[in-house]
Amino acid sequence: MSDRLSRGVQLGNSLWQLRKQVARALWHYRCVHISVDQPFEWRSGRHAPVYVDLRAALAHVPVRQRIVEGLIALAEPIRERVGSGGEGRRLVVLGIATGGIPYGVLVADRLSLPFGYVRPEPKPYGLRRQVEGLTPRATDHILLVEELISTGSAVLQAIKGLRHAITSAHSPLLSISVVTVFSYAFRETQDRLRKEGISVSALLTFPELLMIGWQEKDITHITYEQLRRWHNDPEHWQPTRTLPY
């Protein structure tokens, strides 16, 4: 087995262990909320029987540490590629406001990389910036850190803002990698991002969170099946019965 393949296998194994640890911690610290009778309203306007609260995860040191370790594991191959990309290339970290900011700054600090953050739109006062803290160069590779991806709108807005803020006749296309703590991994969201040429690496996805929760008996089989049906067709989902969660 080649050294590169061996490192890839080791990384895959360690990432899966981190995914399991993060999932278990999210269930343990009750960062996963389930309500069928009164579904949660998301920022997108969608109603869902589940809400994953990663802001609450920041308050708990064990889960926060595992999340940061996982994001760094996702970032390491990107850093290796950028490091071998030639003179003038550097890797910078930008968090997507607001949820991606704390996770982004923790990753940047651990990797000793420049950090900034990007808003959904320019601030309407002061310096009227959309990108704060760091002004990326057109030659930079941007590691864009998000907290949670559902519809993908926040990621698309952030990248649109970056493209507007960084203009260069010689480098019209930005080099961006997106990592997120959690993704609901809806098919329509993945198709939407893929159509825009955006590749996302997620530390944990909803199907993984759900499977691990069921295997570890954090949720019943009834709850597992109900949430799985919702995830498969969120637009047409209707509750079948009250869940004993």
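The values are calculated or read from the model by the stated rules, or taken from the named source; none is laboratory data. On a predicted model such as this, the values are computed, not experimentally measured, just so you know. Positions of Cβ are generated from backbone atoms using ideal geometry, with glycine treated the same way; all protein chains shown enter the neighbour counts.
Overview of values
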{"quantity": "Yes/no for R55 being among the charged types (D, E, K, R), surrounded by 14 or more Cβ atoms within 10 Å (Cβ to Cβ) and under 18 Å from the mean Cα position of the chain (by Cα)", "calculated": "no"}
{"quantity": "Residue that is modelled with the highest pLDDT, among those in the stretch 187-225 that are of a type in the set (S, T, N, Q) and assigned to a loop (DSSP other than H, G, I, E, B)", "calculated": "T220"}
{"quantity": "Matching residues in the stretch 22-49 - criterion: being small (G, A, S), in a loop (DSSP other than H, G, I, E, B) and without any contact (Cβ under 8 Å) to a residue 60 or more places away in the chain", "calculated": "S35, G45"}
{"quantity": "Count of residues meeting criterion [surrounded by fewer than 20 Cβ atoms within 10 Å (Cβ to Cβ) and farther than 25 Å from A56 by Cα] in the stretch 138-155", "calculated": "3"}
{"quantity": "Considering residues of the stretch 116-126 that are under 16 Å from L94 (Cβ atoms) and over 17 Å from the mean Cα position of the chain (by Cα) only, the residue surrounded by the most Cβ atoms within 10 Å (Cβ to Cβ)", "calculated": "P122"}
